[in-house]
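The values are calculated or read from the model by the stated rules, or taken from the named source; none is laboratory data. What you see is a predicted model, and the numbers here were worked out from it, not measured in a lab. For neighbour counting, all protein chains shown are included, and Cβ atoms are generated from backbone atoms with ideal geometry for every residue, glycine included.
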Amino acid sequence: MSRVPLPYTQKVLDLFRNPKNLGKLEDANVISVAGNPACGDMITFYMKINDQSVIEKISFESYGCAANIATASIVTEMIKGLSVESAWKDVTWKKVTEEVGGLPSVKFHCGILAVGAVKRAIRKYYEQKGSAPSWLPKELTFEEKQALEEEELAEKLSKKLKAADEK
Ligand code: FES
């Protein structure tokens, strides 16, 4: 069977080959994970947010595909140095997808997962602090919901696979 390569943009391919801000951040004060280790599509963001609520440092580790790595890399570049509030408001999966020059539609969810993980990190930061600012919506954003849905689906799938294995 021959495989047709996905029509990735040059920017996606470049970021996939040379991602920015890749790896652990030793002095992170918030870490968030999205995706499911069972199916391999997993992303972790590390952030160091300072006392002025500015994202001073950010990095990521991804076990996802090229689209996931490229979108995660561009997100780190987009929000590094921004206030947490601006990062929350400015970053949507649509913007991120535009920034990488577009993604094949079957790969939209990979960018959504990256943005969902960033939003989850910001939410977690305020949870850790024990108080949330008024601009932070109580309801989960589209990206966060999608990340959750993917995780639930992956969990169901891995349970099914395990059950099949045990038969
Ligand atoms: Fe799962 Fe891209 S992150 S296919």
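Okay, residues lined up against (1) within 30 Å of Leu157 (Cα to Cα); (2) modelled with pLDDT of 95 or more; (3) not in a helix (DSSP H, G or I):
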| position | (1), (2), (3) |
| --- | --- |
| Asp27 | no, yes, yes |
| Ile31 | yes, yes, yes |
| Phe45 | yes, yes, yes |
| Ser59 | yes, yes, yes |
| Gly64 | yes, no, yes |
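Within the stretch 40-60, the set of residues being touching a residue at least 24 places away in the same chain (Cβ under 8 Å) and away from the ligand (no atom under 16 Å from the Cβ) comprises Met47, Ile49, Gln52, Ser53, Val54, Ile55, Glu56, Lys57, Ile58, Ser59.
Looking across the stretch 80-112, the residues that are under 20 Å from Met42 (Cβ atoms) and in contact with an Asp or Glu (Cβ under 8 Å, 6 or more places away or on another chain) come down to Trp93, His109, Cys110, Ile112. Take the conditions part of a helix (DSSP H, G or I), closer than 26 Å to Lys156 by Cα, at pLDDT 95 or above and within 16 Å of the ligand (Cβ to nearest atom) and apply them to Ala121. Does it pass? Here the answer is no, as Ala121 does not meet what is asked.
Quick check on Gly102: is it within 16 Å of the ligand (Cβ to nearest atom), in a helix (DSSP H, G or I) and small (Gly, Ala, Ser)? Considered against the rule, which asks whether it is within 16 Å of the ligand (Cβ to nearest atom), in a helix (DSSP H, G or I) and small (Gly, Ala, Ser), Gly102 comes out as no.
Residue-by-condition table, conditions (1) surrounded by fewer than 23 Cβ atoms within 10 Å (Cβ to Cβ); (2) more than 10 Å from the ligand (Cβ to nearest atom):
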| site | (1), (2) |
| --- | --- |
| Ala67 | no, no |
| Ser73 | no, yes |
| Ser83 | yes, yes |
| Glu98 | yes, yes |
| Phe108 | yes, no |
| Gly111 | no, no |
| Ala114 | no, no |
